[in-house]
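Read the structure below first, then the notes.
The values are calculated or read from the model by the stated rules, or taken from the named source; none is laboratory data. Computed from a prediction, not measured in an experiment: that's the story for all the values here. Cβ: placed from backbone, ideal geometry, glycine included. Neighbour counts: every protein chain shown. With ligands, DNA and RNA removed, areas are computed over all heavy atoms of the protein, side chains included. Shrake-Rupley method; radii C 1.70, N 1.55, O 1.52, S 1.80 Å.
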Amino acid sequence: MDYNKKNIRKRPDRPLPTNPTNATNPVYSCSSSSLMAAKESKIRDAGGMDELLADLGYEVRSSDMADVAQKLEQLEMVMGSAHQEDSGLLSLLSTESVHYNPSDLSSWLESMLSEINPPEFSSSTITTTATTLDFPNFPKSTQIGQIYDEPSSSNYDLSAIPGEIVYGERVKKKAKHEEEEEEEEEEHFVVPDSCSSSTNCSIVVVDSQETGVRLVHTLIACSQAIQQDNLAVAEALMSQIGPLAGSQSGAMKKVAIYFADALASRIYKLKTGTSTSTSTSSSTNHLSFSQIFHHNFYRSCPYLQFAHFTANQAILEAFQAKSKVHIIDFGIRQGTQWPQLIQALALREGGPPTIRLTGIARPDSGNPADSDPLREIGWKLAGFADNLRVGFEFQGVVVQSLADLDSEALRLREGESVAVNSVFELHELLASPGSVEKVLGLVREVRPTVVTVVEQEANHNGPVFADRFNEALHYYSTVFDSLESCGGGSDGQDLLMSEMYLGSQIYNVVACEGADRVERHETTAQWKTRFLSAGFAPVHLGSSGFKQVSGLVSLFGNGDGYRVEENNGCLTLGWYTRPLIATSAWQLTSNKKP
C-alpha cells in the first residue's frame, strides 16, 4: 500500500518516520508477512510492545499481532479491489484529508476499515459448505458442524458461484472426519444480513445469483438442523431465509417462500408438540378449494393435460373392437379427462362402444348440503356423450380412501372390458401401510384390460427428512421455473392458483408426518417394482401417442423447455433435462400376449 506524504500529517507528540532512500516521497508499506516476522522479534519487558514496530513509531502489543496482521490483509484486499474496479475509494484516500501517523496501529486500522465498510458485529460463527452464517449470542457448546454437509446422495450438487469479495472475515473449518488425520482447511466468508451501530459486521459484495445459492444452502442447512432436532440452529437459519428470499425474484423467490413457511410450521410443531396435521383439515373440509386450484393448474401448464392425453391414448388402444367398456377413475375430480376419450371412441372405425364410467371421489364437507358435485359431473358428461350419439352411463362412488373401496361398489358386469385409471392418486396410499397392496389386489380382482397410472417422477417418501427436503426443493424449483414460461393468463390468476396448488403439496411434504403426510411421491422404478410383484406386466406406450402429446406440449411455453421422452415403455414430461411426471400402463400378467 502506498501513501503519499502529502496525505499524512504528523502527530505533535511523535515524529514521522522517514525513508532514507527517498526522502521526498516516503512510502509506508505493511503486509501480513512482515508483521508475522516481527512477531518473533524481541518484546519490551515493560509494556509488552513489539520492539521493532515500536522503533518505527507503532505501538503494537505482541498479543495483538495476529489481529493487526488480519486487519492489514483486509485493508489490502479493499485497496486491491478498489484499484481493479476504479471505484471512488482511491480518490477518497488521495484527497487532502488528514490521516495521522498511527501510534496505535490496531485502532487506526479498525478506523480505516470502518470508513470503508459498515461496522462489524461479533458473534459465533456457523460454517456451512456453501457459506458462513453469523448468529449473535449463539451457545458455543452446541455441536452442529456435521449438519451443514450436503447429503452425498443428492444428484443435484450445488457449487458456489464466484463473486468478487470486497471485504470479509476469514474463518477456517476442519471436517470432523479429518480431526485425527491431516488438517485440511477451507476459506469461508462471514456475510451477515444486517448490522447495528453498536456491533461489528463483515461485509461482502454478492450478486443475485450468488445470493440464490446461499438461499438454497441455507434452506437445506435448516432442514438438516431439524433432522438432528437442533431447533435453536434451525430457528437461527430461518431468520436468514427471509432476507435472502427477498433478494430474489420470480420462481426462486416464490418456491423459497413456500418452503420457508413449511419449515417454520414444522419447527413450531416440534417445539410445541402439536400434531403435524395441516392441512388434512383443509384438504378434507375445503376440498372444493383444492378442486379450484387443480382446475387452474390444468389450464395454466401442460402437466395434467399430458397426464390425461397419454392415459386416454393407452385406454383407447386397449378398447379396440370392444363393444362394452367400463372405465374406473380413481380420482374423478371435475371429470375433465373424459370428454376427449368419449369423442375419440365416438369417431373410431366400426362405431362407438357403450361406455360406463365409475368416478371415485372423497367426501367434501365444503359443499352445501343440497349440492352433489358427482351428480353434476355425471350430467355434464352424459349430455356431451348424447350429443355424439354415444351410449353413456355414469355412477359416482364416495370413499374416504381408495383402500375403502370394494368390488361390490364398482358393480361389475359380464362382458365389459374394464380400464382402471389413476392420475396422481396412488401415492397417497403410501401413508397407510398395506393400502397400496390392498388396492392393487382389488384391481387384480376386476381383471382390467389395462391400468393407466400417472405419478410424479420424484422420491419424496424417503425415511430421512433432510434428504426428502433436498429432493423436494429441487423438484418443485424446477416445476415453478417451468410455470413462469407459461404466463398464466391475462391477469395471472391461473398462475397464482397453480402456485397455491403446488404450495399445498410442498407444505404437506415438509411440514407433515405420519398419516397426515400424503404427498409421498415415488419414482416410476419404485412403482414398477410394486406392480410387478402384484402380478402386472408393463404395456408399452406407442410412438403415435408420443408424437401427438409432443405436439400438445409444444403449445405451452412457446414450445421451449418442456420435454416429452420415452423411457422403458413409459412417457415422461419434464422441464429441460429433469423428468417431472410419468405415465405408465399395465395389464395382468395372465392377459399378456405371448
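Within segment 521-531, does at least one residue satisfy the condition of being over 22 Å from Val255 (Cβ atoms) and either of a type in the set (Phe, Trp, Tyr) or under 19 Å from the mean Cα position of the chain (by Cα) (or both)? Yes, because at least one residue in segment 521-531 is over 22 Å from Val255 (Cβ atoms) and either of a type in the set (Phe, Trp, Tyr) or under 19 Å from the mean Cα position of the chain (by Cα) (or both).
Quick one: which residue in Asp261, Asp229 is of a type in the set (D, E, K, R), open to solvent by 10 Å² or more (accessible area, probe 1.4 Å) and farther than 19 Å from Tyr475 by Cβ? Within the list Asp261, Asp229, the selection yields Asp229. All of (1) part of a helix (DSSP H, G or I); (2) in contact with a strand residue (DSSP E or B) (Cβ under 8 Å, 6 or more places away or on another chain); (3) of a type outside the set (S, T, N, Q); (4) open to solvent by 70 Å² or more (accessible area, probe 1.4 Å) hold for Arg413 with one exception: (1).
Only one entry in Thr336, Thr354, Thr358 is under 25 Å from Leu405 (Cβ atoms), more than 36 Å from the chain's Cα centre (by Cα), open to solvent by 10 Å² or more (accessible area, probe 1.4 Å) and touching a residue at least 24 places away in the same chain (Cβ under 8 Å), namely Thr354. Remark: pairs (first residue in segment 446-458, closer than 18 Å to Gln587 by Cβ; second residue surrounded by fewer than 22 Cβ atoms within 10 Å (Cβ to Cβ) and of a type in the set (Lys, Arg); Cβ separation under 8 Å; 6+ apart in sequence or on different chains) = Thr449/Lys322.
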